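Let me begin by presenting the structure, written as structure tokens, before commenting on it.
The values are calculated or read from the model by the stated rules, or taken from the named source; none is laboratory data. All of these numbers come straight from a predicted model, not from anything done at the bench. Heads up, the Cβs are rebuilt from the backbone with ideal geometry, glycines too, and the neighbour counts pull from every protein chain shown.
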Amino acid sequence: MVISSLVCSAPGWARTPEPGTQPATAPSVPSPGERLALQIALIEDSRNPPETRRAIARELLLQGWPEAPARLATVLAGSSEQARIAVASALLDLPALLDPVYLDPLLGMLADASSEVRSVAGQVLASYGDVGVIARLRVIASDSKQPRAARLGAIGALALMTERAAVDALAELLYDGDPAVADAAMGAFQRSASMDFADDRKAAQAWWMETRSLSDDAWGRLQTRRLIQRERELNARLAALEARLGRVLEANFQRSTDGERAAQVAEYLADPSLSIRLLGLRLVQQHVGEGRPHESVPRELVARIRELMNSRNPVEQAEAVRAVASFRQPADGETFKALLPQAVARPVQLALINALGYCGDASAVGPLVGLADSASPEVRAEVIAALGRLAERDVLTDASHEPVVGLLLQAFKDTPPAQVAVRERIVWAMGNVGDPDFADALATALERTEAVAVRQQAVRAIALLKDAKLADALVAATGDPDTLVRRTAVETLSSIGSSERHLQALWARLSSPPEADEAVRQAAWRGALTLLLARSPAEIDAWIGRLPGDSRQRAQRTAEILQRLLAHANSGGSSDRADVALLHARLAAQYAALDQVDDAQAEFEKALAELRAAGSPQAEKVAAELLRFALTRERYDRALSELLAKGAVMSVTESYWRVIKEEVEVRMTPDAIDSALFMLDSVQRWPPGEWSDAARQGLLELYDRAVDLKVSTPTTRTAQSSVEPA
């Protein structure tokens, strides 16, 4: 007790050392009168701070001594300003202990020079209610001979009273001869009546003339409604003000260094306003949530936050729990688990459940599951989320796994699709727990009748579960209206699918339409490649023939398939050298279609070298295709002619001749004749082998026809052919 400590420390009451032997008589104890005198002296002692004086006055009032009111009234009538304020403030704190003996000194305080004295006196007088106080205030306020300060003090007290007599007293002063009094009366009238007349005296007076004749019951109901409305408006304004202040403080917090942030939060947590303390707790969570280590929060600040977990305000207590949980310290899990059975307020209970998800271990499963069995839907949803987080953190044991699975399955069964948020949370938790028993529930959650959010979590859960038995359920999901569901379904089907149906589902998403999203199309293509490469060459060729898109898109995708096949073969997947060489040849053809001429020529040359080394009869065909490619792309030169001529027998050169003849023949037109002559010039200069007589004769005939066409065609090419008859 404050009084006890002060009394013991006062002069004359200091404890003396105990004598070696006990005195014959008991030590004297101060009488109530002496204690009363001492406490009055402490109230009037200017060395004591205001808070101490007020506390002493409060405790003196609470003692209930009969002599106390008269002595306190003497203080109120005294000359010590701070003593008068202390006693009046104590009376304001304890309105049930008001005594008529205080009225005269309080009324006298209304004329004091100190505005603080006048204000606290008016507040205490307003707390009396109408026991003759209003009449006395009315006399002072309306008496023009009274000091203006006293009149204004009386008006201020009347403003705090909602009784009809107080409003009537103020109405009489609306047109007082003293403008200051009239203005004060106008403001007080509006406050007492809980009305806003925009300082319009005529409107205020007219309203009062209509209202003053109401019965007491009607007046009471009217005042109650107005006071409730005013309280709502004040609360709304206060909430808006606190929200604006919070935004300003938060913006300042964002711009501050870690050291400055700690000082700011410490100040917020010590603020008397609950809203500011809550802001401080939220800012701590935000600070840690930005990726900063919890060690960046000073220890003394952490200790203060932990203290607030014992706050009597459930909202503040819950926010403190969340702030401590944001540190993500497993050691706090035991604290949260111990507090959970004691939590009565719903916000605190929810916060503790949430915190256990982030900081608890497998031992938290039992209490959480027990809560879910008998709790409200709101608590059950939070329990499910906490269990999902425990699984996400990989802290569940084999023993705790089974009850979690059972709870989630039952919760899914009990929760209708219309409860989207809860159902989404259940499916999310299933994905984290990852039990095969969830397969049927997850397949159900993928159906179009479910909300998008639920389907998204279902396809995510299947992806985490990686259960091949769920691949068929993903087929329909690859065509889901939601892009995220489609993409995840496609990606998951790519990893767990295997059948023709699965490949067909992926194949259907390769082009637009039907697939409008490029990311989904690319994911489908990657998945189709994976499934395709597990098939036989004949099956692969059949699927290549079904590739969608234009010629360039088909060439690009065919090239990717061939590249993957080559990579597989080169890593030991194929031992047939000729087969690998033919893959190079096919890849070369696709590169040529894509105008990747360097890559195309390199692949043709690899194929030819491998086929010749393997003694494959396919070498002749590939060599002819290489010649065709080189001629049509104007890449034929000495080096290539030597490569083609190497080991070329007459049958090979005959195939070369057929290629040359075909390509020149199609260019025997006025527009393409220069290209035909260029081909003839190149093979004449660097023949790819020994020509047969028939081939040599055929070349001469082609040359003659080309020259004749050239002569009859306007010059379109500056280069001249150098072909001469052999």
From the options 60, 72, residue that is crowded, with 21+ Cβ neighbours inside 10 Å, among the aliphatic types (A, V, I, L, M) and more than 57 Å from the chain's Cα centre (by Cα):
72
Residues of the range 503-554 that turn out to be within 22 Å of residue 485 (Cβ to Cβ) and without any contact (Cβ under 8 Å) to a residue 12 or more places away in the chain, as a count:
6
Does the range 119-129 contain at least one residue that is assigned to a loop (DSSP other than H, G, I, E, B) and either over 14 Å from residue 89 (Cα atoms) or at pLDDT below 90 (or both)?
yes
Return only the number of the condition from (1) modelled with pLDDT under 95; (2) within 20 Å of the chain's Cα centre (by Cα) that residue 470 does not satisfy.
(2)
From 90, 96, grab the single residue that is modelled with pLDDT under 90 and farther than 30 Å from residue 172 by Cα.
96
Looking at residue 629 and the list (1) surrounded by fewer than 19 Cβ atoms within 10 Å (Cβ to Cβ); (2) part of a helix (DSSP H, G or I), which single condition is not satisfied?
(1)
Take residue 113 and decide whether it is in a helix (DSSP H, G or I) and either crowded, with 20+ Cβ neighbours inside 10 Å or in contact (Cβ under 8 Å) with a residue 24 or more places away in the chain (or both).
no
Taking the stated definitions as given, is residue 256 assigned to a loop (DSSP other than H, G, I, E, B) and of a type in the set (Ser, Thr, Tyr)?
yes
The one condition in (1) polar (S, T, N, Q); (2) within 19 Å of residue 386 (Cα to Cα); (3) crowded, with 16+ Cβ neighbours inside 10 Å that residue 311 fails to fulfil:
(2)
Which residues, counting only those in the range 287-300, are surrounded by fewer than 17 Cβ atoms within 10 Å (Cβ to Cβ), of a type outside the set (Asp, Glu) and part of a helix (DSSP H, G or I)?
289, 294, 296, 299
Filter result for the condition that a residue is among the hydrophobic types (A, V, I, L, M, F, W, C), more than 27 Å from residue 697 (Cβ to Cβ), surrounded by fewer than 20 Cβ atoms within 10 Å (Cβ to Cβ) and more than 59 Å from the chain's Cα centre (by Cα), over 614, 645
614
Taking the options 101, 87, name whichever one is of a type in the set (A, V, I, L, M, F, W, C), in the same structural domain as residue 168 (by TED's automatic domain parsing), under 19 Å from residue 62 (Cα atoms) and surrounded by fewer than 21 Cβ atoms within 10 Å (Cβ to Cβ).
101
Answer yes or no: is there a residue in the range 358-374 that is modelled with pLDDT of 95 or more and under 23 Å from residue 280 (Cα atoms).
yes
